[in-house]
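Remarks on the structure that follows.
FYI, it's all coordinate maths here, none of it is from the lab. Just so it is clear, the structure is predicted and the values come from calculations on it, not from any experiment. Here the Cβ positions follow ideal geometry from the backbone for every residue, glycine too, while neighbour counts run over all protein chains shown.
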Amino acid sequence: MRGARRRDRLATVMEQLGLGPVRHQPIATLSKGFKRRVALAQALLDDPPALLLDEPTDGLDPNQKHEVRALLNRIAGDKTTVISTHSLEEVEAVCTRAAVISDGRLLADEPPATLLARSRYRNAATVVLADAPEGARQTLAALDGVELVERGLDRRSLVVFGADGLDTAARVRAAARTHGWSLALLRLDGGRLDDVFRRLTQPSAGSA
């Protein structure tokens, strides 16, 4: 691509990525977010049908991550974009399909929502009781349809795992009313990709 066509393409890409305000600045003076935009612009300049990006938001702050994700979502309609990342948050934010590869083996290739449905945390309820009543964990574990109650990572919360089809949150709310507990937090989990990743790459983790 040369001449007027290249100039037109450059103008299009700069507008698409919002680089106009910094077009005359040295790259070294730009923020990390703008540097990522410049890198994307360089990749897009020749209008390739597909992009392969490695850790596109690594090292960025939350605002910069949001900017880069918005850019990726904008260009996704025109191109196939493949992202290599260890950030599972990134997969949920921008990917329509996710492949899990370990030791050169393809272990899964599905939409993120399908992977989330494999998580043991799917429809689990995270509970924090305001007054931490004694015996609450055992009481929750004895509820009909509840299979397991674990301590959360913060040690204040309890994670309640129910049988398939159980409205776990409703069961916890009913128990709270019955026993006079005050619920500081009740959150229904949609599944966790880190859990699915561990279970796929370390099968023994599924029984941990």
In order through segment 77-85: 3J(HN,Hα) via Karplus (6.51 cos²θ - 1.76 cosθ + 1.60), integer Hz, x for Gly, Pro: x, 9, 9, 7, 10, 10, 10, 9, 8
Of ALA163, ALA176, ALA39, which is farthest along the charge dipole of the chain in the positive direction, counting Lys and Arg as +1 and Asp and Glu as -1 at C-beta? ALA39
Final fewest-first order of THR114, THR126 on the 10 Å Cβ neighbour count is THR114, THR126
Computed magnitude of the charge dipole of segment 125-189 (debye, nearest 20; Cβ of K, R +1, Cβ of D, E -1): 220
Consider the candidate values [x] 0.93; [y] 1.13; [z] 1.02; state which one is Rg/Rh (Cα atoms, Kirkwood Rh) computed from the structure displayed. [y]
Counting Lys and Arg as +1 and Asp and Glu as -1, each charge on the Cβ, what is the dipole of the chain about the Cα centre in debye, to the nearest 20? 620
Taking θ as phi - 60°, what are the ³J(HN,Hα) couplings along segment 183-197 by the Karplus curve (6.51, -1.76, 1.60), each to the nearest whole Hz, with x for Gly and Pro? 8, 7, 7, 9, 10, 8, 8, x, x, 10, 5, 5, 5, 5, 4
How many nm separate the modelled label positions at GLN202 and ILE27, each set 7 Å beyond the Cα in the direction of the Cβ? 3.8
Would you tally the net charge around LEU186, using a Cβ to Cβ cut-off of less than 13 Å, leaving LEU186 out, and scoring K and R as +1, D and E as -1? +2
Using the per-residue mean of other Cβ atoms lying within 10 Å as a proxy for protection, in what order, highest first, do the peptides 140-152, 97-109 fall? 140-152, 97-109
Amide H contacts under 5 Å for ALA184, placed H, 5+ residues apart: VAL128, LEU129, ALA130
